[in-house]
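Single-structure report; data block below.
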Amino acid sequence: MNDRFESPLVQPSPSADAVKGSLLLIVDDVPANLSVLGDLLHDAGYQVKAATSGRAALRYAAQNPQPALILLDVMMPEMDGYQVLAALRKDPVTCDIPIIFLTALDNARDEERGFQHGAADYITKPIKPDVVLARVRSQLLARIAGNWLRDQNAALEAEVTRRMEENELIQAVSIRALAHLAETRDPETGNHILRTQGYVRLLATRLQHHPRFAETLDDSYIKMLAASAPLHDIGKVGIPDSILQKPGKLTAEEWEVMKTHSLLGSEAIEQAEHDIAKPVEFLALAKEVARWHHERWDGSGYPDGLCGDDIPISARLMTIADVFDALISKRVYKEPMPIGQVREIIVAELGRQFDPDVAEVFLTHFVEFTAIAAQHSDAAT
């Protein structure tokens, strides 16, 4: 039993018989030349269309069915072969049709000129039947092979795109599943992960051309940051329910335990990185936002007391997104805060908790962030 198989993407390469019946256009202002060449090609099994002028050749070349090959006389009145070839190459409809020049000019300079103009081959008159048939067959096979390779490449590119999209979907679903796992421990966060993801994506986009951030915030980075943002609180899985869901204020000891969620999350992601063969960008960003989204611009945050530009950009964006959403949302220990008061708090924390430039952009586009909050409000689910 033969266990070999072929991918459905890989189609058999064209055979030599594929050229039979091909439509050829022959162009010559001398009817006797057309008759001789036409009979030769017809007897060889080709379909033949003839034109006695350059203008007629251009008209026929653009009609359907199009010729698979044009045999073009060089010396013609009104439009010579070089002019016809130039016109064919300028037209998107005819630019890919291969051209074989037919000419009585047989010096090297004329032949070189033909190739410089884009001719596929060059046959001198008087024609030799075997040479003509061999050259025609060779050019037809080359074109068929080229079309086959183009189609194969297009099919492979489409399959690669499909699989990449599928992988991205699987990645997004996996991230969302992990984030929801954390939410099962902290159920009142509701659509927190959707909102914060939207805030981070919008904020990064609005900062994309800022002089301080333009070098980092390209489209690829923003896409990966938005993909990784839902994992910022994954470490809450490791916090006891008695602390995570406590309705009142935490004690000093409980607060120290709560703060460990940032390290628990980053360590879990780091362990996942160790289990794969090569670095994954979105995991690196997820580790940053998980570990450092509670750092403060003035250095008074946790877990590492980073300050200023030592805090990764990803975490700085996540910080303001997370704080904004926490303030406007109902929690087991508090009611939602009025949006005007939330804005005042962000203004007050500019340069203290938040990177001042990040906060300025957030405030400038504040209405857009409130729109995201409304779109994914807990009341809407």
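The values are calculated or read from the model by the stated rules, or taken from the named source; none is laboratory data. In this text, all values refer to a predicted model and were calculated from it rather than measured experimentally. For neighbour counting, all protein chains shown are included, and Cβ atoms are generated from backbone atoms with ideal geometry for every residue, glycine included. Ligands, DNA and RNA are excluded from the accessible area calculation, which covers all protein heavy atoms including side chains. Shrake-Rupley method; radii C 1.70, N 1.55, O 1.52, S 1.80 Å.
Tabulated results
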quantity: Residue count, segment 33-59 (criterion: of a type outside the set (Gly, Ala, Ser), buried (at least 17 other Cβ atoms within 10 Å of the Cβ) and within 46 Å of the chain's Cα centre (by Cα)); calculated: 4
quantity: Residue check, residue 335 charged (D, E, K, R) and open to solvent by less than 50 Å² (accessible area, probe 1.4 Å); calculated: no
quantity: Any chance residue 201 is of a type in the set (D, E, K, R), open to solvent by 30 Å² or more (accessible area, probe 1.4 Å) and either more than 20 Å from residue 364 (Cβ to Cβ) or in a helix (DSSP H, G or I) (or both); calculated: yes
quantity: Pair list, Cβ under 7 Å, 6 or more apart: segment 352-381 residue at pLDDT 90 or above and among the charged types (D, E, K, R), other residue surrounded by 15 or more Cβ atoms within 10 Å (Cβ to Cβ) and part of a helix (DSSP H, G or I); calculated: 355/316; 368/202
quantity: Residue under evaluation residue 301, criteria (1) assigned to a loop (DSSP other than H, G, I, E, B); (2) open to solvent by less than 30 Å² (accessible area, probe 1.4 Å); (3) more than 26 Å from residue 221 (Cβ to Cβ); (4) not hydroxyl-bearing (Ser, Thr, Tyr), criterion not met; calculated: (3)
quantity: Within segment 348-365, considering residues that are over 18 Å from residue 197 (Cβ atoms) and assigned to a helix (DSSP H, G or I), the one least open to solvent (accessible area, probe 1.4 Å); calculated: 359
quantity: So residue 160, is it in a helix (DSSP H, G or I), surrounded by 10 or more Cβ atoms within 10 Å (Cβ to Cβ) and modelled with pLDDT of 85 or more; calculated: no
quantity: Filter result for the condition that a residue is farther than 16 Å from residue 316 by Cα, assigned to a helix (DSSP H, G or I) and open to solvent by 20 Å² or more (accessible area, probe 1.4 Å), over 254, 288; calculated: 254
quantity: Answer from 85, 72, 102 - the residue that is open to solvent by less than 20 Å² (accessible area, probe 1.4 Å), without any contact (Cβ under 8 Å) to a residue 40 or more places away in the chain and over 36 Å from the mean Cα position of the chain (by Cα); calculated: 85
quantity: Yes/no for residue 196 being under 24 Å from residue 375 (Cα atoms), modelled with pLDDT under 75 and crowded, with 18+ Cβ neighbours inside 10 Å; calculated: no
quantity: Some residue of segment 225-247 being open to solvent by 30 Å² or more (accessible area, probe 1.4 Å), in a helix (DSSP H, G or I), within 19 Å of residue 312 (Cα to Cα) and basic (Lys, Arg); calculated: no
quantity: Where residue 24 falls short, out of the listed (1) open to solvent by less than 20 Å² (accessible area, probe 1.4 Å); (2) under 19 Å from residue 131 (Cβ atoms); (3) part of a loop (DSSP other than H, G, I, E, B); calculated: (3)
